[in-house]
């Protein structure tokens, strides 16, 4: 059943990539303008990882835990509905066991605190995430060192770290490798870069960077704007 | 009459424990001249605040029963329900919210939005209660109302708008600046009863202008007229009030007031806010179920001339008999009227009608829609609906959570025995989350409730109010049994021992059913079980749920489908089929792989961030699951799901882990399967104790 549910995920496109994702110790990012569904897309990624049996820590720098957990509930329900399944209890409890939300409200985020919190989870709960999802970090303002520290965290616990990055309509900078703002000056830090873009009938999730290999031509998927599930 | 309803406000005051809501209520009563002296919650004068009328409440400094009272302010009548802040008494809060039209959410200026504020706010959302916020204790060291406003936005998802800014903070708090009139307000006199208005201190003028801009921005979202007035620079106070009121009633805006009730500052503007922004009963839509029309929902009208529909939402024992708090939703009542209790169709004559003022009362002759009154000498249960007999409506019942904890009690002496049963009978009527029963096997009296403190308070009340001296056992978790798979049954009950025989056969299956205790499905075709015997079958199955065959806990979540059977023209009877159902249940139950369920609580712990690790570890040791951890400045809120069985004594553990700087609240989340090893232990323990008896 879990396999069936994973096939519905927008992130099944990772299967077309060279290493099926950034891989342990590496970082990935999804770039999109405001309102396109970055958080929902990251939650789908979280669900995909959880259904694959991985442990995740979802770090939110904007939304409260309640909000994030509701996102997980609603999108999980959408997946179940799409799969024609109603018996969610068993899987739902698996998701709860393998997921922790860490929220830093009112600009209280400090990377040192995150390290301490991860350390607490590991030592006190024996909970070491396979994937860290970081939503709401201001890419435009964050210095390069912050990302380097994140990279150290990823390598230290051998986890993948995924970010969301806010693009702006009026900033159209793109580097020579085709990576747009706000990742155009730090793209070498990311093993995988994806982008959400609006199209007439929905939103397209496409891969812009896949490690150091060319991105396969079929590495994009058209998503429903409401559920962000493949159309 | 409807003009009077226009000028009526039914409000609650709810918040986290120790936010000062009882003190706020006390000041409100003083300023509205309902009382003539002020006493503190834990006052040195030994009198205690007016709303904490129960002896025990005064002693502990907490509010247990939500006493109702009313007062007048600027031509408006206000009914106030003071609600408990401790989560164990949440049913009181739930009941208060059911009958209220608006509420004041009291927040501590230092602690901000705390765990219980979140619980209470969730409840207010459930009953769609519009509210305004009062940030209290702005005189305390560390008070930061701006941070609390931000928390209202981020933690409670409100759209808060500051109606005032403080003049000074912490020890220097001396008044507030009203951002609508742009005047400074000071509170003078012994208890702040003299409100003086003046110019805004020059050093606050710029901030006041900027915050007023924010206020206008937020309010203009609800009024085009105000938007135009802003653009044309001709904003009038009335326009702002109207827009704020509109936003508040839609629950899309939360006006925020500031002050310190203890220091007598900022309370009168809150009262102004109540009458200006909170709804009258006419502005709230209430619904009832029409029992003569298959329970179809009907909208009630606050018309005093319409047929009476009223809800008994709280009972209290007094030296003069049972006192029943009643909210009238439709129609009106007069002293001497005959009321019909929808539940049992019994008619009662209304002897005495009173308006409550904490533990004092005022006799009145009549009351109309929207009002909250109290009746004397009416025998009923909390949650009963009363009508004048012209309609057969029932008000949707208040959500009542299942008890999660139980305790064995026994009288210490013979004299206490009857007092104890009198008390238990009374408490069960007053509080639907409190239950009492005699265990058939052990003969022990078992009381059940929502938490340790909940039961502790009732045991204390038994001693104090009823003079019953009782001994208590160790609190026990309310375990349940549930089946985990489908199992078939086909059972024939046959008895022939002289005289009339007994015969009945039932066949079908049982299967797990989530979200319900018991569901009976009749799929019998061709009259193989005659219709008149089916109630017997249902009763037979239901009687088996009281004690599961695995360990003896009550059974929940079972669907029984009966699809075949047979009868004998002479020997079959309802009793015979009842016995057949019992036999069928016994035949199938163990095949359906029953498991033990335990209550799992949603626990919310607030602590200084440096203790996050310690707290997480304590949760882990208790079979808990961390759901989230949210940091906000120096404080962290950890949300977890933990089996109730592991939470006994947690308050003490938490205190020692965090140097007394953390606090927690918990509420029932769901019943979950007990892990195998533990289930074995429970079975062993119970089997052992049975053998020992």
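What follows draws every value from the coordinates through simple rules; no lab data is involved. All values derive from a computational prediction rather than experimental measurement. Backbone-built Cβ (ideal geometry, glycine too); neighbour counts: all protein chains shown.
Key figures for this structure:
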| read-out | value |
| --- | --- |
| Stokes-Einstein D (µm²/s) once Rh is taken as the Kirkwood radius of region A:1-57 over alpha-carbon pairs, at 4 °C in 1.567 mPa s | 105 µm²/s |
| Viscosity 1.306 mPa s, 10 °C: Kirkwood-radius Stokes-Einstein D of region B:158-317 over Cα pairs, µm²/s | 86 µm²/s |
| Hull volume in cubic angstrom per residue (convex hull over the Cα atoms of region B:485-592) | 89 Å³ |
| Using a Förster distance of 35 Å, the FRET efficiency for residue B:486-residue A:226 (Cβ separation, nearest 0.05) | 0.45 |
| Crossing angle, helix B:534-544 versus chain B [Cα axis fit, 0-90 degrees, rounded to tens] | 70 degrees |
| Relative contact order of region B:405-477, pairs being alpha-carbon contacts under 8 Å that are 6 or more residues apart, as % | 51 percent |
| Gaussian network model of chain A, springs between alpha carbon atoms under 10 Å - residue of A:84, A:25, A:53 with greatest fluctuation | A:84 |
| Calculated Rg and Dmax of chain B using C-alpha coordinates, Å | 28.4, 102 |
| Average other protein chain Cβ within 10 Å of Cβ, residues A:122-130 | 3 |
| Fraction of antiparallel bridges per DSSP, chain A only, in percent to nearest 5 | 40 percent |
| Measure of compaction for region A:14-152 (Cα Rg per 2.2 N^0.38 Å) | 1.07 |
| Fewest-first sequence of B:464, B:131 by Cβ atoms within 10 Å of each Cβ | B:464, B:131 |
| Tensor-based shape of region B:226-369 (alpha-carbon gyration tensor, a/c under 1.5 rounded, otherwise prolate or oblate) | oblate |
| For region B:630-672: rounded, prolate or oblate by the Cα gyration tensor [a/c cutoff 1.5] | oblate |
| Region B:596-678 - Debye-derived log10 I(q)/I(0), Cα point model, q = 0.18, 0.26 Å⁻¹ | -0.70, -1.30 |
| Tail fraction, Cα-Cα pairs, region A:100-226, threshold 25 Å, whole percent | 34 percent |
| Estimated distance in nm for a label pair at residue B:190 and residue B:293, the labels positioned 7 Å out from Cα along Cα-to-Cβ | 5.8 nm |
| Span from the region B:326-386 Cα centroid across to the region B:506-555 one, whole angstrom | 39 Å |
| Region B:575-613 versus region A:91-145: alpha-carbon centroid distance in Å | 34 Å |
| Reciprocal mean inverse distance between Cα atoms of region B:287-394 - Kirkwood radius, Å | 13.7 Å |
| Region B:405-477 shape via C-alpha gyration tensor axes, a/c threshold 1.5 | rounded |
| Estimated 222 nm signal from helices in chain B, with DSSP H stretches of n ≥ 4 weighted -39500 (n - 2.57), rounded to 500 | -9000 deg cm²/dmol |
| Partner chain coverage, peptide A:103-116 - average Cβ within 10 angstrom | 4 |
| C-alpha long axis of helix B:237-249 to longest principal axis of chain B, angle in ° | 10 degrees |
| Cα centroid separation - region A:168-228 against region B:615-693, whole Å | 45 Å |
| Quotient of C-alpha Rg and 2.2 N^0.38 Å, computed over the protein assembly as shown | 1.05 |
| For region A:95-139, fraction of C-alpha pairs farther apart than 15 Å, in % | 47 percent |
| Average beta-carbon neighbours from other chains, 10 Å sphere, peptide A:171-180 | 0 |
| Relative contact order, percent, region B:485-592 [alpha-carbon distance under 8 Å, six or more residues apart] | 43 percent |
| Candidates A:109, A:150, A:139: whichever shows maximal mean-square fluctuation once chain A is modelled as a Gaussian network with Cα springs under 10 Å | A:109 |
| Relative exposure of B:435, B:471, judged by other C-beta atoms within 10 Å (fewest first) | B:471, B:435 |
| Antiparallel bridges, percent of DSSP beta bridges restricted to chain B (to nearest 5) | 80 percent |
| Proxy reagent accessibility, fewest Cβ within 10 Å first, across B:163, B:601, B:221 | B:221, B:601, B:163 |
